[in-house]
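Here you go, one structure.
Values quoted throughout were computed directly from the atomic coordinates according to the rules given, and no laboratory measurement underlies them. Source: prediction; values computed, not measured. Here the Cβ positions follow ideal geometry from the backbone for every residue, glycine too, while neighbour counts run over all protein chains shown.
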Amino acid sequence: MAALGHLPEEVMIEILSRLPPESLLRFKTVRKSWYALINDPKFATIYFSNSPHQQKHILVKRLVTKNSGKQENIFSFLNFPLPFDGSVPVYDVDLPSDEDLRYSQICGHSHGLLCLTDLGTDIFLCNPATREFQKLPRSILLLTEPPTEPDGYDSSTNAVGFGYDSKSKDFKVVRVVDFMEGVCHFYPSRVEIYDLSKDRWREIETPICGSVFWMPSFEMYHEGTYYWWAKTGEGEEIIQSFDMSEEVFGRISMPESFKRGDRMYRSMGVLNGSIVLFHYPSEEGEKEFEIWEMEKDEFGGVSWSKLLTIGPLFGIGKPLVFVGSNELLMESIEGQVVLYNTRTKQLRELPMKGNPEEFQATQATVFVEGLVSVKGGNNLKYEI
């Protein structure tokens with residue numbers, strides 16, 4: 001049998017592209033040619049094109065309190081699909097960073113890259129598979145110094161989103177920055193884009209549809225577009241979108257029934273490839289979770305149809321992510337992560353728990369590992 005190093009190059013590439021990332025990281029030290037190959041953006045493209053053969057995970061972020069009393073964000077993987085019967089192994093991810101990530105939120109992921117932000121000044125990109133971690137350059141819009149007077153001129157981050165631009169073959173971060181004087185006078189928001197291939201920010205001129213609400217489990221990236229829950233200047237609740245390729249914002253109306261009462265939460269997710277909205281009471285106790293499916297017509301218009309209602313369930317705080325056609329990861333008001341089967345209506349506790357008083361900090365998403373580097377610059381393109 002021929003040794004791996006003596007196989008034809010195309011065969012060797014096909015074999016390597018189907019191995020888990022941890023194996024590839026070890027193989028980079030075997031020979032210089034393999035090191036160069038595995039670091040090549042073209043190989044990263046081939047690797048992700050074989051993603052159906054790679055292991056899918058559920059990535060869960062939750063805030064926990066250590067024995068020392070210090071709070072810490074824990075990132076964990078669950079293998080996909082989750083068994084409803086039997087044990088569910090949990091693999092904690094040790095992100096290679098000395099940064100304080102207690103207040104960081106997931107603001108998008110794509111092709112194995114994860115974007116984190118504290119919604120202040122700091123934004124990070126990391127690749128859990130390759131253990132790369134990178135803090136993005138300083139914003140070109142956010143003011144570097146706080147105002148010296150209470151009614152002084154100041155700035156703040158309103159929204160952050162991350163995704164892949166299939167036209168430019170680049171990964172992008174979009175940030176909306178608000179400007180205000182005191183607590184009453186607001187100036188027009190401005191928008192900046194970070195291009196991974198250039199490793200720098202640039203400002204774009206584009207109208208914004210609304211002011212974004214911070215709400216984990218709502219905002220997400222899906223198929224080239226980032227989505228947030230927002231409110232217009234007229235007070236209308238909308239879904240604000242951002243097209244990563246065209247670099248324009250859009251607005252999508254909420255279902256009419258969402259306008260009833262203010263004590264209702266909204267969450268966003270994906271079920272069988274379609275965008276869905278969750279609508280459910282914010283109060284504790286027994287509650288039902290309505291699920292609405294987005295439908296697009298041939299002219300780009302959007303309508304909503306009610307797909308199903310889950311519950312009533314007692315003690316459940318919020319939905320997290322669909323992990324199958326009939327399986328939904330949820331979080332209890334006590335911070336316990338549970339798996340709910342919409343067909344059998346059974347609940348099962350998983351060996352994961354966050355702080356009950358910080359249950360809104362828990363996030364979860366379906367995650368596929370990749371080899372894309374977070375090291376920006378060099379005009380690298382990933383034709384994924």
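Over the Cα atoms, compute the radius of gyration (one decimal) and Dmax (the largest Cα-Cα distance, rounded to a whole number) for the range 285-384, in Å.
18.1, 54
Follow-up question, since we're still on this one. Using Cβ contacts closer than 10 Å as the measure, can you line up Ser68, Ser23, Ser155 from fewest to most?
Ranked by crowding around the Cβ, least crowded first: Ser68, Ser23, Ser155.
Separate question: Based on the alpha-carbon set only, what is the convex hull volume of the range 125-212 divided per residue, in Å³?
Dividing the Cα hull volume of the range 125-212 by its residues yields 126 Å³.
Which value, in debye to the nearest 20, describes the size of the charge dipole of the chain about its Cα centre when Lys and Arg Cβ atoms bear +1, Asp and Glu Cβ atoms bear -1, and nothing else is charged?
1220 debye
Quick one: which of 121-127, 142-148 comes out on top by average Cβ neighbours within 10 Å, and what's the full order, highest first?
So the order, starting with the most tightly packed, is 121-127, 142-148.
Kindly flag which residue pairs out of Lys169/Lys306; Lys70/Lys169; Lys70/Lys318; Lys296/Lys318; Lys61/Lys198; Lys56/Lys167 have an alpha-carbon separation exceeding 31 Å in this structure.
Over 31 Å Cα-Cα: Lys169/Lys306; Lys70/Lys169.
Where does each of Val372, Val177 land when they are ranked from fewest to most other beta-carbon atoms within 10 angstrom?
Val177, Val372
Here's a follow-up. Taking loop as defined by DSSP and a crowding limit of 16 other beta carbons within 10 Å, which trypsin sites (Lys or Arg not before Pro) in the range 305-384 fit?
Arg343, Lys345, Lys375, Lys381
Could I ask something else about it? Compute the relative contact order of the range 165-262 as a whole-number percentage, counting only Cα pairs closer than 8 Å that sit 6 or more residues apart in sequence.
Dividing the mean separation by the residue count of the range 165-262 yields 19 percent.
Taking the convex hull of the alpha carbon atoms in the chain, what volume per residue do you get, in Å³?
Taking the convex hull of the Cα positions in the chain, it is 181 Å³ per residue.
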